[in-house]
Each structure stands twice: as structure tokens, then as C-alpha cells.
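J.: Below are the C-alpha cells for one structure; questions will follow.
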Amino acid sequence: MSDDHVYMTLAEGHEDDTRWAYGTGFEDPLHGVDTAVPDGVDAGELAALCVTLADDALVSAQRLAEWTTRAPELEEEVALANIGLDLLGQARMLYSRAGQVDGTGRDEDAYAYFRDPGDFRNVRLAELPGGDFAFSIVRLLVLSSWRLAHFERLTAHRDPVLAAIAAKGVKELAYHRQYAAEWAVRLGDGTEESHRRMRKAQEQVAPYLGELFTAYDVRDEVVAVLRQVTEAAGLPMPVYRPLPGSGRIGEHTEHLAPLLAELQGVARAHPEATW
Amino acid sequence: MTTEKQNWPLYEVFVRGKRGLNHVHVGSLHAADDRMALTHARDLYTRRNEGVSIWVVRSEHIAASTRDERDPFFEPSADKVYRHPTFYDIPDDVPHI
């Protein structure tokens with residue numbers, strides 16, 4: 001140990017990096033990955049898939065960020081914001097990939113800030129207002145379970161960039177799912193009040209499950225995870241009542257437009273600004 | 001909902017860095033139990049890529065010397081220079097001393 005200062009010690013081995021406060025030893029997950037679209041991969045379909053996954057992540061990140069200064073505990077606030085930032089990172093890479101392959105050359109900001117609600121392809125579950133902590137936990141459990149199952153398959157995608165993004169995301173999503181599952185068990189198997197709120201949250205989330213499962217075939221896997229967690233939490237599996245419509249074809253609730261207005265406001269008021 | 005809220009107990013957090021040889025105290029946090037303390041520590045103290053291992057321990061389980069004990073505890077060693085191995089030449093290839 002060369003120094004009593006804890007962060008100097010932790011950063012040891014990265015002496016060349018004097019900006020340790022920004023973190024050290026980072027790796028670029030896309031370093032060395034060939035960005036050419038492989039033969040046999042439909043560029044339009046690939047771009048659409050990237051945008052869909054990015055929209056889920058961006059909208060979820062915004063809802064998670066809303067917990068900042070409002071979470072029940074300081075530690076949970078940081079945890080939820082961290083998860084949101086992981087998803088934001090995934091969204092950035094996915095938008096960039098979409099812009100590379102769809103022929104428009106758009107950058108990530110063009111997708112995030114300069115599209116209207118009808119152009120977004122996220123599931124409606126992601127855009128619902130945060131509300132109760134239990135609701136956020138149930139939603140996070142569902143979305144992270146689905147996304148993890150889907151990303152695990154995408155690690156074998158023929159597009160090497162999407163496969164690399166998925167490989168990075170799998171580790172993040174495994175933590176998100178674990179975080180949500182631990183809270184789900186804690187609250188479901190907690191007090192009468194926490195159990196009641198979890199039941200209510202399940203009922204609010206259940207109608208939106210069908211929308212997730214229509215797009216990609218990971219349903220059995222996700223349902224098995226949810227069943228395992230709900231059983232451990234002493235909760236019933238919610239009754240499955242799908243709502244008509246789908247965010248995947250641009251049909252959204254009234255909650256998406258205000259969310260995007262807040263997200264996009266500064267960028268639209270000051271286009272081309274840098275900070 | 002009642003506003004009565006039990007405070008979560010305090011935990012002390014120790015993180016071992018990538019090249020670090022031992023866990024270093026980095027701070028404290030509140031958590032309901034050991035498992036939650038670990039996940040909180042992960043989120044609060046390793047998110048800038050600092051750590052490869054985390055220890056957490058309930059603060060109340062740490063026994064600490066007090067200020068009053070400082071002189072009898074530490075003063076007697078101040079003048080005993082012969083306890084330091086400063087009279088030896090340490091070869092360059094011996095690390096961690």
C-alpha cells in the first residue's frame with residue numbers, strides 16, 4: 001500500500017490515469033468489433049431491432065432516474081439510478097448501431113431527442129408512471145427478466161456489434177434482475193402492507209405482459225423466472241389479461257408524451273448544443 | 001401508511017481493489033441485512049470500477065480503541081526504534097514491505 005488515501009490505493013496499477021475520480025481501467029465493449037453488416041443480415045430489420053431494444057432501455061432509464069431524490073432510502077436511490085445508467089449505456093450503443101446500418105447515418109441523439117412518441121417502439125410497460133416502489137420493483141423484475149433472456153440469445157446474433165452489445169448487457173441485466181428479485185421477495189414476504197402493495201403492483205403490470213411476449217420467443221423462460229420469484233415471495237402468479245394494442249407498433253399510453261417532453265426538452269430548445 | 005420507520009443498521013464497507021492486497025475501509029452505509037448491505041456496497045462504492053471484492057460488517061460488531069486509550073496504547077512504541085527492521089538492506093526484488 002503506497003498511500004493511506006483509499007482511492008489512491010484502489011486505483012493502484014493505473015498510475016498513468018491521473019483522473020481516477022472518473023474511474024480507471026475501463027474497457028470499450030465494442031473495441032475491435034467489425035462494424036460492417038454481415039452478408040445475409042437484413043440491415044432494415046437489424047436497425048429496427050436495435051431501435052426497439054434501445055427505446056425500451058431509454059424509457060426505462062428515464063423512469064428509474066425519476067426516483068432520484070424520491071427513493072425510500074439514499075442507498076436505493078443510487079441503486080436505481082445505477083440501473084438506469086446501465087440501460088442508458090445500452091440505449092446509446094444500440095441507437096448508434098441503428099444509425100450505422102439503417103442508411104440514415106443518424107447519431108444516438110437523433111434517435112433519443114428528435115423522434116416523436118409515435119416513432120418510439122418501447123413496450124408500454126416501460127413508460128407507465130413510477131408510482132409505488134413496489135410497482136417499480138415488479139416492473140423492473142419483468143423487464144429485466146425479459147431483457148436478460150433476450151440478450152442471452154442475442155449474444156449469438158449474426159451481427160457482431162449487436163452480439164457484443166448483448167454480451168456486455170447480459171452482465172448488467174443479471175444484476176438488475178437479481179436486485180429486483182431480492183426486493184420482490186423482501187416485500188412480498190415482508191409485512192402485510194408490503195405484501196398488499198406487491199399484489200397491487202402485480203395486477204397493474206400483468207395486462208402489459210402479453211406485449212413483451214409477442215415480439216420474441218423467450219416467454220417460457222421468463223415465465224419460469226417470474227414463477228420462481230413469486231413463489232419465493234409468497235405471491236400468486238398474476239392473472240394474465242392482455243391489453244389490446246402494442247407499443248411495438250407505436251401505440252402508446254398517454255404517459256409517453258410527457259416523459260419524452262421532459263427528456264427531449266433541453267436538446268430541442270438548444271439543438272447542436274454541447275456540454 | 002404509518003410514518004413510523006425503523007432505521008436500518010449501519011454497516012462498514014471494505015473493498016479490495018484490482019491490484020490491492022487487502023481490503024480497505026471505504027465508508028459506511030445503511031442496510032436491512034447482510035445481503036442488502038453487499039448490494040448497496042456494490043452500488044455505492046464500486047460503481048467506478050474500483051473493486052474486485054467486498055466485505056461488509058455491522059458497525060456495532062467492530063470493537064475500537066478509544067481516544068482516552070491513545071497514550072497507553074500507542075505512546076510506548078514511539079521511542080523503540082529497534083523494533084523497526086531499518087538496519088537491514090532490503091533487496092529490490094522483495095515486494096510489499
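The values are calculated or read from the model by the stated rules, or taken from the named source; none is laboratory data. The structure presented is a predicted model; accordingly, all values stated were derived computationally and were not measured. With ideal geometry, Cβ positions are generated from the backbone for all residues, glycine too; neighbour counts draw on all protein chains shown.
J.: Restricting attention to the stretch A:25-58, which residues are surrounded by 20 or more Cβ atoms within 10 Å (Cβ to Cβ), in contact with an Asp or Glu (Cβ under 6 Å, 6 or more places away or on another chain) and farther than 17 Å from A:Ala110 by Cβ?
T.: A:Leu46
J.: Let me ask another. Out of all the residues in the stretch A:168-185, is one or more surrounded by 23 or more Cβ atoms within 10 Å (Cβ to Cβ), over 17 Å from A:Thr230 (Cβ atoms) and within 14 Å of chain B (Cβ to nearest Cβ)?
T.: Scanning the stretch A:168-185 turns up at least one residue that is surrounded by 23 or more Cβ atoms within 10 Å (Cβ to Cβ), over 17 Å from A:Thr230 (Cβ atoms) and within 14 Å of chain B (Cβ to nearest Cβ).
J.: Further, regarding this structure: Answer yes or no: is there a residue in the stretch B:70-85 that is within 14 Å of chain A (Cβ to nearest Cβ) and either among the hydroxyl-bearing types (Ser, Thr, Tyr) or in a strand (DSSP E or B) (or both).
T.: Within the stretch B:70-85, the first condition is being within 14 Å of chain A (Cβ to nearest Cβ), and the residues that meet it are none.
Within the stretch B:70-85, none of the residues are within 14 Å of chain A (Cβ to nearest Cβ) and either among the hydroxyl-bearing types (Ser, Thr, Tyr) or in a strand (DSSP E or B) (or both).
J.: On to the next question. I'd like to know if the stretch A:154-174 contains one or more residues that are part of a helix (DSSP H, G or I) and without any contact (Cβ under 8 Å) to a residue 12 or more places away in the chain.
T.: Our first condition is that a residue be part of a helix (DSSP H, G or I); within the stretch A:154-174, this holds for A:154, A:160-174.
Remaining after also requiring without any contact (Cβ under 8 Å) to a residue 12 or more places away in the chain: A:163, A:171.
Yes; the residues of the stretch A:154-174 include at least one that is part of a helix (DSSP H, G or I) and without any contact (Cβ under 8 Å) to a residue 12 or more places away in the chain.
J.: Further question: A:Leu88 is checked against (1) away from chain B (no Cβ under 14 Å); (2) assigned to a helix (DSSP H, G or I); (3) closer than 24 Å to A:Glu251 by Cα and fails just one. What number does that condition carry?
T.: Tallying (1) away from chain B (no Cβ under 14 Å); (2) assigned to a helix (DSSP H, G or I); (3) closer than 24 Å to A:Glu251 by Cα, A:Leu88 fails exactly one: (1).
J.: While we're looking at this one, here's another question. Just to be sure, is B:Ala64 over 24 Å from A:Val78 (Cβ atoms) and either within 14 Å of chain A (Cβ to nearest Cβ) or under 13 Å from the mean Cα position of the chain (by Cα) (or both)? Write out each step before concluding.
T.: Numbers: over 24 Å from A:Val78 (Cβ atoms): yes; either within 14 Å of chain A (Cβ to nearest Cβ) or under 13 Å from the mean Cα position of the chain (by Cα) (or both): yes.
Here the answer is yes, as B:Ala64 does meet what is asked.
J.: Right, next: Just give me the residues in the stretch B:53-97 being free of Cβ contacts under 8 Å to residues at least 40 places away in the same chain and in contact with a strand residue (DSSP E or B) (Cβ under 6 Å, 6 or more places away or on another chain), in sequence order. Give the derivation first.
T.: Taking the stretch B:53-97 as the starting set, the residues that turn out to be free of Cβ contacts under 8 Å to residues at least 40 places away in the same chain are B:53, B:61, B:63-95, B:97.
Correct list: B:Ser53 only.
J.: Of the residues that make up the stretch A:61-71, is at least one within 14 Å of chain B (Cβ to nearest Cβ) and over 23 Å from A:Ala267 (Cα atoms)?
T.: Start the filter on the stretch A:61-71 by keeping residues that are within 14 Å of chain B (Cβ to nearest Cβ), which leaves A:64, A:67-68, A:71.
Restricting the remaining residues to those that are over 23 Å from A:Ala267 (Cα atoms) gives A:71.
Yes, the stretch A:61-71 contains at least one residue that is within 14 Å of chain B (Cβ to nearest Cβ) and over 23 Å from A:Ala267 (Cα atoms).
J.: Determine if the stretch B:50-58 includes at least one residue that is modelled with pLDDT under 75, out of contact with any Pro (no Cβ under 8 Å at 6 or more places or on another chain), under 30 Å from A:Glu73 (Cβ atoms) and in a loop (DSSP other than H, G, I, E, B). Give the derivation first.
T.: Going through the stretch B:50-58, the residues modelled with pLDDT under 75 turn out to be B:50.
Imposing the further condition that a residue be out of contact with any Pro (no Cβ under 8 Å at 6 or more places or on another chain) reduces the set to B:50.
Keeping just the survivors that are under 30 Å from A:Glu73 (Cβ atoms) gives B:50.
Applying the additional criterion that residues be in a loop (DSSP other than H, G, I, E, B) yields B:50.
Yes, some residue in the stretch B:50-58 is modelled with pLDDT under 75, out of contact with any Pro (no Cβ under 8 Å at 6 or more places or on another chain), under 30 Å from A:Glu73 (Cβ atoms) and in a loop (DSSP other than H, G, I, E, B).
J.: May I pose another question? Of all residues in the stretch A:83-140 being among the polar types (S, T, N, Q) and under 13 Å from the mean Cα position of the chain (by Cα), which is surrounded by the fewest Cβ atoms within 10 Å (Cβ to Cβ)? Break it down stepwise before answering.
T.: Taking the stretch A:83-140 first, the residues among the polar types (S, T, N, Q) are A:90, A:96, A:100, A:104, A:122, A:136.
Subset that is under 13 Å from the mean Cα position of the chain (by Cα): A:90, A:122, A:136.
On the way: A:Gln90: 26, A:Asn122: 24, A:Ser136: 22.
Checked the stretch A:83-140; the qualifying residue surrounded by the fewest Cβ atoms within 10 Å (Cβ to Cβ) is A:Ser136.
J.: Test B:Gly27 against the stated conditions and say whether it is within 12 Å of chain A (Cβ to nearest Cβ), on the phi > 0 side of the Ramachandran plot and without any contact (Cβ under 8 Å) to a residue 40 or more places away in the chain.
T.: On the way: within 12 Å of chain A (Cβ to nearest Cβ): yes; on the phi > 0 side of the Ramachandran plot: yes; without any contact (Cβ under 8 Å) to a residue 40 or more places away in the chain: yes.
Here the answer is yes, as B:Gly27 does meet what is asked.
J.: Continuing with this model, one more query. Do we find a residue being modelled with pLDDT of 95 or more, of a type in the set (Phe, Trp, Tyr), on the phi < 0 side of the Ramachandran plot and buried (at least 22 other Cβ atoms within 10 Å of the Cβ) anywhere in the stretch A:149-156?
T.: yes
J.: Only one of (1) more than 11 Å from chain B (Cβ to nearest Cβ); (2) on the phi > 0 side of the Ramachandran plot; (3) at pLDDT below 75 is not met by A:Gly40, so which one is it?
T.: For A:Gly40, the failing item is (3).
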